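Enquirer: My structure is below; once you've seen it, I'll send some questions.
The values are calculated or read from the model by the stated rules, or taken from the named source; none is laboratory data. Owing to the predicted nature of the structure, the values given are computational and were not obtained by experimental measurement. With ideal geometry, Cβ positions are generated from the backbone for all residues, glycine too; neighbour counts draw on all protein chains shown. These area figures cover heavy atoms from the full protein model, side chains too; ligands, DNA and RNA do not enter into them. Shrake-Rupley method; radii C 1.70, N 1.55, O 1.52, S 1.80 Å.
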Amino acid sequence: MAALPRRIIKETQRLMQEPVPGISAVPDDSNARYFHVIVTGPEDSPFEGGLFKLELFLPEDYPMSAPKVRFITKIYHPNIDRLGRICLDILKDKWSPALQIRTVLLSIQALLSAPNPDDPLANDVAELWKVNESEAIRNAKEWTRRYAMDN
Amino acid sequence: MAEAICDDSKEAKEKGENIECAVCLQPCIHPAQLPCGHIFCFLCVKGFANQSKKCAMCRQEIPRDFIEQPHLLHAATEESTEFDGGYQWFYEGRNGWWQYDERTSKELETSYKSGDKTCELLIAGFLYIVDFESMLQLRRNDPSRRRKIKRDFATIPKKGIAGLRTEGESSSTDSQGNDTRPESPVDGRNDNIVPITPSNTPQSPTSGRESPHQEEDLQATMERISSLRLSSSPSRNDNDENPPGRSRSTRSRYHRHRSVD
């Protein structure tokens with residue numbers, strides 16, 4: 001395996017030394033560019049109480065290009081599709097090399113608190129979120145209970 | 001370097017050296033200040049200037065001529081560490097040799113001393129492979145972009161360091177990562193055959209690889225990282241029926257180092 005860029009080493013060390021509350025990101029034993037992530041559902045959101053697993057991968061030219069991040073735990077959210085792919089600008093055209101694993105995961109946690117059905121990735125979820133928000137929130141809570149608790 | 005605006009005051013020097021670059025997370029090498037005030041390594045600016053053309057911190061546009069005429073906190077000097085009492089690493093540019101920046105030089109030296117055949121470098125946002133047998137630097141995703149490299153006495157005539165001129169000429173910069181333009185008839189991107197003349201390699205002392213290297217040991221650092229790991233390592237969700245949303249080829253590349261999948 002090629003030597004790991006110093007930036008990745010430093011980020012990893014800092015993630016371990018000063019973990020972000022509510023977020024854990026641990027590099028895989030056999031691939032230091034692949035992180036096992038757990039994000040807790042934010043308070044006062046339909047995802048509260050849930051533990052969401054994600055995978056995060058740092059591509060070769062990181063930090064010049066964004067990490068690849070995907071939810072592994074099923075989640076009912078207008079900006080996350082059934083494959084766990086996330087619609088978030090900083091993971092695409094708004095990526096900046098000054099962002100880090102830490103800030104990316106905080107942004108994803110913030111996205112759980114602030115769903116944006118006007119920029120949907122999961123169209124059926126976004127549609128329901130717009131026409132019947134309370135039912136959508138009920139679904140989100142139910143999915144959180146079913147997929148993101150006690151496993 | 002004649003075109004770069006420099007501030008050689010002591011304060012500016014200390015300022016630059018104490019700043020951690022937000023892109024590489026290391027102390028700034030050749031700190032360059034954008035018009036918005038943010039300071040990064042010159043090569044880090046170059047990396048994101050090539051891509052987004054915006055400041056990595058505030059997204060303010062980077063002037064088009066910034067890489068040609070950077071505002072450096074202090075002039076590029078030759079304070080780099082020399083190896084084995086006088087050797088340095090160089091890459092070939094237009095009409096001459098350029099010294100690598102200090103951090104890249106150390107990585108090259110460490111890898112070379114370990115007896116590696118090749119070494120990977122991330123320079124200004126591009127991944128390069130250095131082949132110590134042919135003494136070439138090739139861009140990983142486009143091996144036709146190549147440069148000769150050499151390990152030679154630090155005192156040889158050179159154009160500058162890491163694309164910043166140290167000799168008096170006023171001309172465009174020629175950075176180690178910037179091989180997007182053909183630079184000379186024999187160094188262009190379509191010139192796949194670079195003659196390897198004997199003068200390219202024997203400048204290194206034969207004892208080079210035997211000398212102990214004192215560089216930071218990445219392996220030790222990695223062991224330190226793994227010892228810092230949280231005790232509970234979450235396993236992947238086995239019930240997940242959906243494959244990751246990436247193409248197969250990309251995925252296999254991402255996971256090539258994983259033992260389980």
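Enquirer: Net charge around A:Leu91, counting only other residues with Cβ within less than 12 Å of its Cβ (Lys, Arg = +1; Asp, Glu = -1)?
Expert: Value of the local net charge: +3.
Enquirer: Of B:Glu20, B:Glu92, which has the most accessible area and how do the rest follow, probe 1.4 Å?
Expert: Sorted by accessible area, descending: B:Glu20, B:Glu92.
Enquirer: Further question: For peptide A:7-16, how many partner chain Cβ atoms fall within 10 Å of a residue's Cβ, on average? List each step's numbers first, then the result.
Expert: Values: counts 7, 3, 7, 6, 1, 7, 5, 1, 3, 7.
Partner Cβ neighbours, averaged per residue: 5.
Enquirer: Using the alpha carbons of region A:85-145, what is the convex hull volume per residue in cubic angstrom, as a whole number?
Expert: On the way: hull volume 5.6 nm³, N = 61.
Cα convex hull per residue, to the nearest whole number: 92 Å³.
Enquirer: Let me ask another. Sort B:Thr104, B:Thr155 by accessible area with a 1.4 Å probe, largest first.
Expert: Details: B:Thr104 15, B:Thr155 125 Å².
Sorted descending by solvent-accessible area, the residues read B:Thr155, B:Thr104.
Enquirer: A further question on this structure: Determine ³J(HN,Hα), in whole Hz, for all residues of region A:95-109 in sequence, where each value follows from phi through the Karplus function 6.51 cos²θ - 1.76 cosθ + 1.60 and θ = phi - 60°; x replaces Gly and Pro.
Expert: 4, 10, x, 7, 6, 9, 3, 4, 6, 5, 5, 5, 5, 5, 5
Enquirer: Here's another thing I want to ask about it. When the helices in chain A are scored as -39500 (n - 2.57) per DSSP H run of 4 or longer and the sum is shared across all residues, what 222 nm value do you end up with, to the nearest 500 deg cm²/dmol?
Expert: Working: 4 runs with 49 residues, N = 151.
Calculated mean residue ellipticity at 222 nm is -10000 deg cm²/dmol.
Enquirer: Now for a different question. Please work out, to two decimal places, the log10 of the ratio I(q)/I(0) at q = 0.11, 0.13 Å⁻¹ from a Debye calculation in which every Cα of region A:6-147 carries one identical scatterer.
Expert: For region A:6-147 at q = 0.11, 0.13 Å⁻¹, log10 I(q)/I(0) is -0.40, -0.55.
Enquirer: Which far-off residues, 5 or more places away or on another chain, put their amide H under 5 Å from the one on A:Gly22, with H placed in the peptide plane?
Expert: Counting only residues 5 or more places away or on other chains, the set is empty.
Enquirer: Okay, moving on. Which of the residues in region A:37-63 show a loss of at least 50 Å² in accessible area from their chain by itself to the complete set of protein chains, at a probe of 1.4 Å?
Expert: By number: A:Lys53, A:Phe57, A:Glu60.
Enquirer: While we're on this one: Quick one: length gained pulling B:Asp116 to B:Arg94 fully straight, 0.36 nm per residue minus the C-alpha distance?
Expert: 5.1 nm
Enquirer: Would you mind checking which residues have amide H under 5 Å from B:Ala154's amide H? H placed 1.01 Å from N; only 5 or more apart, or other chain.
Expert: B:Tyr87, B:Gln88
Enquirer: Quick one: angle between helix A:133-147 and the longest Cα principal axis of chain A, in degrees between 0 and 90, rounded to 10, please.
Expert: Tilt relative to chain A: about 50 degrees.
Enquirer: What is the helix-to-structure angle for A:6-17, meaning the angle in degrees between its Cα long axis and the longest Cα principal axis of chain A, kept from 0 to 90 and rounded to the nearest 10?
Expert: Long axis of A:6-17 versus the principal axis of chain A: about 60 degrees.
Enquirer: Now for a separate question. May I ask which of B:Lys106/B:Lys158; B:Lys53/B:Lys106; A:Lys68/B:Lys53; A:Lys53/B:Lys54; A:Lys68/B:Lys46 have a Cα-Cα span longer than 26 Å here?
Expert: Among B:Lys106/B:Lys158; B:Lys53/B:Lys106; A:Lys68/B:Lys53; A:Lys53/B:Lys54; A:Lys68/B:Lys46, the Cα-Cα distance tops 26 Å for B:Lys53/B:Lys106; A:Lys53/B:Lys54.
Enquirer: For a quick check of understanding: with a 1.4 angstrom probe and all protein chains in place, what accessible area in square angstrom does A:Glu60 have, to the nearest ten?
Expert: A:Glu60 has an accessible surface of roughly 50 Å² with all protein chains in place.
Enquirer: Next question. Which one of A:Leu56, A:Leu88, A:Leu128 has the biggest mean-square fluctuation once chain A is modelled by GNM with Cα springs under 10 Å?
Expert: In this elastic network of chain A, the residue with the biggest mean-square fluctuation among A:Leu56, A:Leu88, A:Leu128 is A:Leu128.
Enquirer: Kindly write out, for region A:63-74 in residue order, the coupling ³J(HN,Hα) from the Karplus curve 6.51 cos²θ - 1.76 cosθ + 1.60 (θ = phi - 60°), rounded to whole Hz, with x marking Gly and Pro.
Expert: In residue order, the calculated couplings are x, 6, 10, 6, x, 8, 10, 8, 6, 9, 6, 5 Hz.
Enquirer: Quick one: which residues, 5 or more positions from B:Gly93 or on another chain, have an amide H under 5 Å from its amide H? H modelled 1.01 Å from N in the peptide plane, none for Pro or chain starts.
Expert: The answer is B:Trp98.
Enquirer: Moving on to the next point. Given a 1.4 Å probe and no ligands, DNA or RNA in the count, how much accessible surface is buried by A and B, both sides, to the nearest 100 Å²?
Expert: Its buried surface, counting both partners, is about 4400 Å².
Enquirer: Under a 1.4 angstrom probe, counting protein chains only, how are A:Ile38, A:Ile75 ranked by accessible area, largest first?
Expert: A:Ile38, A:Ile75
Enquirer: Mind jotting down the distance between the C-alpha centroids of region B:118-144 and region A:25-64, whole Å?
Expert: A separation of 30 Å, based on Cα centres.
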